[in-house]
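Trainee: I have a structure here, written as C-alpha cells, and I will follow up with some questions on it.
The values are calculated or read from the model by the stated rules, or taken from the named source; none is laboratory data. Computed from a predicted model, the values in this text were never measured in an experiment. Neighbour counts are summed over all protein chains in view; Cβ atoms, including those assigned to glycine, are modelled from backbone coordinates with ideal geometry.
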Amino acid sequence: MALVKVLVANLFAGANLQKLEVGQVYDVDDSVADKWIASGKAEKSTEKKGEKLVFELATPSAPVNADLTGIQRQLGEALEQVKTLTDEAEAKDKAHAESLAAETKRADEAEAALVVVNKKDK
C-alpha cells in the first residue's frame with residue numbers, strides 16, 4: 001500500500017466511484033498509486049496516515065437463469081418480428097422506387113412526344 005496526495009479535481013476511485021478531494025491523502029494499492037503518479041493525478045505522500053481506499057469486485061449473489069428460457073424465447077420472437085417488418089419495409093421501398101422510375105420514364109416520354117408535336121406544328 002502507498003500513500004498518495006490527490007492533485008486533480010476529477011479523480012474517482014473505489015467500488016462506488018467516490019470522488020476524491022484535491023489535497024487529501026489516500027492509502028491505495030501500489031499499482032494504482034504508480035498509475036496515478038505516472039499520469040500526474042497524484043503525488044507520493046510522506047504523511048503518516050491516509051484514508052484507505054479498497055478496490056473490490058462485486059459478484060452476482062444468486063444465479064439468474066430461473067426465467068431465462070422464457071425471456072430468451074420472447075427475445076427470439078421479437079427479433080423475428082423485427083426481421084419480418086424490416087423485410088416488408090424494404091420490399092415496399094423497392095416497389096415504390098420501381099413505380100417512381102416507371103412514372104418518371106412515362107413523363108419523360110410524354111415530354112419528348114410533346115416536343116416532337118410542337119416541332120411539327122412550326
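Trainee: Name every residue in the range 1-19 that is in contact (Cβ under 8 Å) with a residue 24 or more places away in the chain and in a loop (DSSP other than H, G, I, E, B), in order of residue number.
Mentor: Within the range 1-19, Met1, Leu7, Val8, Leu11, Gly14, Ala15 qualify.
Trainee: Out of the residues in the range 43-97 that are among the basic types (Lys, Arg) and in contact with a strand residue (DSSP E or B) (Cβ under 7 Å, 6 or more places away or on another chain), state the one that is modelled with the highest pLDDT.
Mentor: Start the filter on the range 43-97 by keeping residues that are among the basic types (Lys, Arg), which leaves 44, 48-49, 52, 73, 83, 92, 94.
Next, from what is left, pick out any that are in contact with a strand residue (DSSP E or B) (Cβ under 7 Å, 6 or more places away or on another chain): 44, 52.
Working: Lys44: 82, Lys52: 61.
Checking each candidate, the answer is Lys44.
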